[in-house]
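Report on the structure given below.
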Amino acid sequence: MSVPPVTDTARALVAGSRGLLAMDESNPTCNTRFSALGIPQTEDARRAYRDWLVSTPGLSEYISGAILYDETIRQRTNAGTPFAQAIADAGIIPGIKVDTGAKDMAGHFGERITEGLDGLRDRLAQYARMGARFAKWRAVITVADGIPSRGCIEANTQALARYAALCQESGLVAIVEPEVLMDGTHTLERCSNVTEEVLRALFGQLYTQGVALEGVLLKPNMVLPGLACPTQEGVDEVADATVRCLLRAVPAAVPGVAFLSGGQPGELASARLNAMNVRFKSRLPWALAFSFARAIQQPALEIWKGERAHVSEAQRALCHRARCNSAARRGEYRFTMEGE
Ligand code: 13P
């Protein structure tokens, strides 16, 4: 199998110490976050929010790529520029979330299957014409008694692989995101076992579907104890467990791993990524980067609260989290940065 042209884009997304800003919340998810802060849940409020996110001064120093939602890629910034163009003009590679969400899985109580393959070839061609250079698809794996089932893992990883094959046909880098959720009482060890099983299944399916790994980026969860687990391991233990799991399951041909944050507090997500790079960076075949939504956006969103007068301060908060995560890629993040 020859190396696809998307390889250069995949490498560029994880080059140096930049990472990705996931700003691809679906309308319902974005509205939930807005509603918690009393921000109007309208199309124009979502547009205004994404407008100031992408026009944050200096963002491209820390951010290599930004993932948009379908609504946003069809909108224009305040300056009248289509979002994908505005992002590219800012020195950031535009991408697009293309799954249509996780739905209850038939015959699998408590589990979900991500949909969106129907018509995907045509949608990818359209997004590519709009300027997207990479895409993202998220599968959701819940951990509880007796789950995840093999049926859920196989169906979700096969869908990820079919999506990735279609991306490569369209000249888009495929970000494959199999998220093992943090919710639950499970231990770090159980998260590690489930994550390893899911990743092995995923790379098996990618191989079966003929996907060139050089044109893929993996967006996994970190290996963490469940939020309600009584034992919460420290930063170094999380870093060790995560890297051990990835080393067992992720082929060296993959250019980079860009973690999701999954609801971790921003500082902790930075500290854990930092610890992985401090302890392992020189010995890893792939870059360890970030593709965070909440762990970059949340403090800024809480400052903005829908008020035009708060935009500059919110942009500073956004840039701060991006800078902390960029430092974490180099293994240079320190808690003292939080006061700067
Ligand atoms: P979080 O970093 O908030 O988990 O979001 C990442 C993402 O893209 C979810 O699909």
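Readers should treat all values here as calculations from the given coordinates under stated rules, not as data from a laboratory. This one's a predicted model, so the numbers in the text were calculated from it and none came from an experiment. In this analysis, Cβ positions are derived from the backbone assuming ideal geometry, glycine residues included, and neighbour counts consider all displayed protein chains.
Assorted remarks:
- Restricting attention to region 54-99, the residues that are within 16 Å of the ligand (Cβ to nearest atom) and out of contact with any helix residue (DSSP H, G or I) (no Cβ under 9 Å at 6 or more places or on another chain) add up to 1.
- Any hit, region 80-98, residues being within 23 Å of R129 (Cα to Cα), among the small types (G, A, S), in contact with a Phe, Trp or Tyr (Cβ under 6 Å, 6 or more places away or on another chain) and buried (at least 22 other Cβ atoms within 10 Å of the Cβ): yes
- Subset of region 242-265 (residues that are within 14 Å of the ligand (Cβ to nearest atom) and either surrounded by 20 or more Cβ atoms within 10 Å (Cβ to Cβ) or farther than 26 Å from E25 by Cβ (or both)): V257, A258, F259, L260, S261, G262, Q264
- Residues satisfying the stated conditions in region 287-297, i.e. in contact (Cβ under 8 Å) with a residue 60 or more places away in the chain and part of a helix (DSSP H, G or I): I296, Q297
- Here H108 fulfils each of the conditions (1) in contact with a helix residue (DSSP H, G or I) (Cβ under 6 Å, 6 or more places away or on another chain); (2) part of a helix (DSSP H, G or I); (3) within 17 Å of V198 (Cα to Cα); (4) not hydrophobic (A, V, I, L, M, F, W, C) apart from (2).
- One residue alone among E302, E307 is farther than 21 Å from P220 by Cα, within 16 Å of the ligand (Cβ to nearest atom) and either touching a residue at least 24 places away in the same chain (Cβ under 8 Å) or surrounded by fewer than 21 Cβ atoms within 10 Å (Cβ to Cβ) (or both), and that residue is E302.
- Matching residues, region 298-340, being not aromatic (F, W, Y) and not in a helix (DSSP H, G or I): K305, G306, E307, G331, E332, R334, E340
- Taking the criterion of being without any contact (Cβ under 8 Å) to a residue 40 or more places away in the chain, away from the ligand (no atom under 16 Å from the Cβ), surrounded by 14 or more Cβ atoms within 10 Å (Cβ to Cβ) and not charged (D, E, K, R), the only residue of region 100-125 that qualifies is G110.
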